[in-house]
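The structure appears right after this line, and notes come after that.
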Amino acid sequence: MKKYTTISDISNLSETIMQAISLKNNPFLYSELGKHKTLVMLFFNASLRTRLSTEKAARNLGMEVMILNVNDAWQLEFEDGTVMNTNTSEHIKEAAQVISQYADVIAVRAFPTLKDKKKDESEYVLNSFVKYASVPVINMESAMSHPLQALADAITISELSTKRKPKVVLSWAPHPKALPQAVPNSFVEMMQLLEVDFCITHPKDYELNPEITKHSQINYNQEEALKDADFVYVKNWSSYKEYGQILSQDNNWRMTKAKLGNAKFMHCLPVRRNVVVEDAVLDSDKSIVMQQANNRTYAAQVVLMQLVEDLNK
Amino acid sequence: MKKYTTISDISNLSETIMQAISLKNNPFLYSELGKHKTLVMLFFNASLRTRLSTEKAARNLGMEVMILNVNDAWQLEFEDGTVMNTNTSEHIKEAAQVISQYADVIAVRAFPTLKDKKKDESEYVLNSFVKYASVPVINMESAMSHPLQALADAITISELSTKRKPKVVLSWAPHPKALPQAVPNSFVEMMQLLEVDFCITHPKDYELNPEITKHSQINYNQEEALKDADFVYVKNWSSYKEYGQILSQDNNWRMTKAKLGNAKFMHCLPVRRNVVVEDAVLDSDKSIVMQQANNRTYAAQVVLMQLVEDLNK
Amino acid sequence: MKKYTTISDISNLSETIMQAISLKNNPFLYSELGKHKTLVMLFFNASLRTRLSTEKAARNLGMEVMILNVNDAWQLEFEDGTVMNTNTSEHIKEAAQVISQYADVIAVRAFPTLKDKKKDESEYVLNSFVKYASVPVINMESAMSHPLQALADAITISELSTKRKPKVVLSWAPHPKALPQAVPNSFVEMMQLLEVDFCITHPKDYELNPEITKHSQINYNQEEALKDADFVYVKNWSSYKEYGQILSQDNNWRMTKAKLGNAKFMHCLPVRRNVVVEDAVLDSDKSIVMQQANNRTYAAQVVLMQLVEDLNK
């Protein structure tokens with residue numbers, strides 16, 4: 001593996017999932033692999049799970065970790081050719097090259113504006129690091145994707161599925177704030193790679209980018225979609241079409257114990273209780289959100305392991 | 001030891017103090033004990049001594065340390081059954097369980113509001129972590145107690161006392177800001193466990209929670225109280241009765257060299273010079289505030305050692 | 001080495017440069033030297049390169065690193081004898097002594113006010129740490145100097161010079177914000193110690209402190225100054241004379257490919273592209289800013305190595 005900015009950077013998914021599960025069983029087996037290797041984690045946005053699980057994963061491999069909240073430093077310039085006489089103090093060209101000299105791997109978290117679709121889709125923050133850094137880059141959630149989360153989700157489904165081809169449903173939920181499409185995008189892409197019967201359900205006009213959903217089935221009727229589901233991934237996102245807008249806060253889309261039936265409940269967290277999903281679901285044994293969160297460590301660890309193995313070649 | 005949220009979690013105080021002093025003499029003797037164990041430190045409030053000494057203590061034991069300023073992430077919800085459609089993004093149930101999966105020990109600092117006595121006394125932040133976390137929790141100063149400080153204070157008195165039963169006085173001091181009762185509460189509780197002649201002095205209406213002070217002697221006359229003292233612990237706190245109020249800023253309660261006499265001066269720091277205590281005291285050899293601060297490391301280290309030993313069982 | 005607050009703390013400069021280059025070739029050769037030694041890094045101001053490179057340097061030596069953004073704690077008092085009844089919560093006397101008990105080396109970054117020349121020149125933050133700390137102090141950029149940067153610059157010139165006595169020019173550049181004189185001050189002092197033909201060029205009234213520039217040649221004509229230069233260090237600073245003022249934003253002082261000729265371009269970074277220097281310079285092979293930034297690690301590492309060797313004596 002040369003970088004991990006999108007799930008398509010995984011060359012062998014089923015093997016990677018197997019490796020992750022094996023790391024989970026023996027997290028310190030490769031605790032010498034990362035010796036004298038440094039992960040620099042750069043945060044343009046808030047983080048709890050991603051920060052702690054990725055740091056933990058690196059330390060499990062014996063890596064050094066250095067963390068920088070970029071906003072505590074100064075504003076970076078991403079445009080080419082700008083006369084930098086206003087707010088930005090350093091160009092990404094310099095920042096990415098300099099940090100590469102202190103890091104063996106750089107991990108970046110940078111959310112979308114949800115205002116400027118074209119800019120967000122350009123993934124200018126993440127891609128600028130990929131372009132200018134001389135070391136592998138990991139995406140810790142970018143404007144349009146969250147591949148570490150999707151890998152953790154795939155590990156979780158692999159661990160807990162009792163069928164050859166389980167039915168997995170991605171079900172939109174209401175939320176008071178406009179949220180990115182990063183998590184559902186990467187989840188959709190991941191489901192397209194697994195042997196699952198996959199379907200997406202959301203209100204009209206909440207279609208995700210069709211270049212991502214491709215042939216995946218979309219059903220505007222949640223009840224129909226949820227029928228016989230084995231795994232239900234609940235998540236809010238703002239509209240892609242009317243970019244970044246909240247078009248509905250319809251509580252009928254909230255996940256309930258009744259609707260869930262015998263399916264397992266998934267969510268990437270943080271989750272707003274009794275808005276996105278009722279307490280009765282989260283507090284039941286149908287909820288596997290803790291397994292998902294736990295697998296974040298092993299998703300990050302398997303990615304770091306593959307990146308470091310490649311560096312050591 | 002299963003947790004350290006209150007000094008009553010110490011099963012054998014004199015042995016624990018002895019162990020701490022022995023760690024101080026040989027801080028790296030157990031530097032393999034914490035290998036592959038992770039301390040996650042969560043700060044809801046500012047910290048200097050607590051942060052550095054606790055991190056240092058963990059590293060002395062070979063532990064990994066991950067630090068999160070919770071306010072850099074998002075606001076947590078502590079109420080049960082809430083419809084989370086306003087400011088809080090994640091429920092403590094999820095947060096505490098998730099962090100437990102990345103941590104072997106969780107340390108939490110969460111100050112009181114000083115507005116809502118009932119809420120503060122419920123210790124809802126600390127106790128929610130204890131309730132929902134699946135790993136041991138350490139109190140790095142909560143709404144109502146600061147047991148790491150009290151343990152460091154006990155170590156300091158044990159080291160420096162030249163008498164079988166020294167006289168220890170807790171003396172209130174003025175301060176421009178309303179401060180919590182956490183430090184005096186834990187100090188009182190600790191003195192009740194040590195073989196000392198203990199007395200508290202403060203202006204009327206500054207009584208601490210009587211369920212904490214219990215049988216401890218209270219004297220409204222500072223001069224009388226200080227007579228023949230061996231150790232004088234000076235500290236401001238806001239009123240417990242008229243909760244969180246500043247009832248007095250009377251400079252006559254400030255500690256002076258003259259009042260202190262031959263006693264040793266103690267304070268948890270940070271201390272406002274010439275408000276709480278005059279320079280002449282802090283700059284004299286009567287002041288043992290540096291020993292107290294130094295012992296913060298060994299108080300934390302002995303607690304972590306006992307917690308990790310219990311985990312390793 | 002007992003401290004590193006100014007480049008005059010280096011006892012043998014050419015040997016130190018040689019050691020740094022040798023560390024660069026083998027960064028982990030002394031990875032046991034710093035075992036059980038802790039570097040505490042204190043930031044009063046923002047940092048990217050300094051923070052990451054100094055942390056990296058310490059870890060290369062096997063040291064533990066603890067980082068505190070001082071502003072996340074509380075405001076420190078630096079005046080003697082103050083009645084601390086307003087904004088400051090802790091006196092530097094206590095803070096520096098306490099932190100010394102948790103640290104083997106303390107590194108401090110504290111910028112000038114650029115308002116109060118006398119206060120800035122007193123270096124009250126840095127010097128208070130030197131005065132009250134009981135462990136060696138490293139300057140990570142103070143009000144008036146940046147010796148880690150100057151050492152990295154000296155290493156870079158030593159590595160890349162092809163002449164016995166290269167011509168080095170420090171050339172002022174325009175900038176929209178008032179910047180400190182710390183970097184040019186330390187660069188001037190360093191050039192006075194190296195065997196170089198050194199000259200400074202800037203608009204009138206931008207003279208640096210004459211006690212620092214001493215006998216160094218000053219030329220108000222940039223074109224003349226740059227003639228036959230081997231290394232051109234470009235940097236903005238605000239006026240020393242009319243302290244902290246921006247007296248000129250004259251774009252004619254911007255560095256261009258044409259002016260630079262065959263010289264190598266140096267800058268400490270962050271640099272504002274097309275304000276301080278045009279893209280064509282930074283993007284050319286004449287630019288050695290990346291080597292400078294990389295050498296920050298080895299400048300810090302050689303300093304830490306000398307300090308720790310002294311501690312181990």
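Please treat every number below as a calculation from the coordinates, not as lab data. Values in this document were obtained by computation on a predicted structure and should not be read as measured data. For neighbour counting, all protein chains shown are included, and Cβ atoms are generated from backbone atoms with ideal geometry for every residue, glycine included.
Note on the protein assembly as shown: Cα Rg divided by 2.2 N^0.38 Å, N the number of residues, gives 1.00. Take A:Lys118, move 7 Å from Cα toward the beta carbon, and the resulting point lies 5.7, 5.7 nm from the same point in each other copy, nearest first.
Rounded to the nearest 10 degrees, the angle from helix B:182-193 to the longest Cα principal axis of chain B is 70 degrees.
Among the residues of C:169-179, the average count of other protein chain beta-carbon atoms within 10 Å of the residue beta-carbon is 1. Cβ crowding within 10 Å ranks B:Lys37, A:Lys117 as A:Lys117, B:Lys37, fewest other Cβ atoms first.
Taking the helices alone, chain C has a mean residue ellipticity at 222 nm of -11000 deg cm²/dmol, built from -39,500 (n - 2.57) per DSSP H run of at least 4 residues and averaged over all its residues. For chain A, the relative contact order works out to 21 percent when only alpha carbon pairs closer than 8 Å and six or more residues apart are counted.
If a spin label sat at a point 7 angstrom from the Cα of B:Lys163 along the line to its beta carbon, the backbone N atoms of the stretch B:250-276 nearer than 15 Å would be those of B:260-265. Normalised by the number of residues in the stretch A:150-263, the average gap of Cα pairs under 8 Å and 6 or more apart makes the relative contact order 36 percent. What is the helix-to-structure angle for B:49-60, meaning the angle in degrees between its Cα long axis and the longest Cα principal axis of chain B, kept from 0 to 90 and rounded to the nearest 10? The angle comes out at about 60 degrees.
Extension gain, A:Lys115 to A:Asp205, is 30.7 nm, computed as 0.36 nm per intervening residue step minus the present C-alpha separation.
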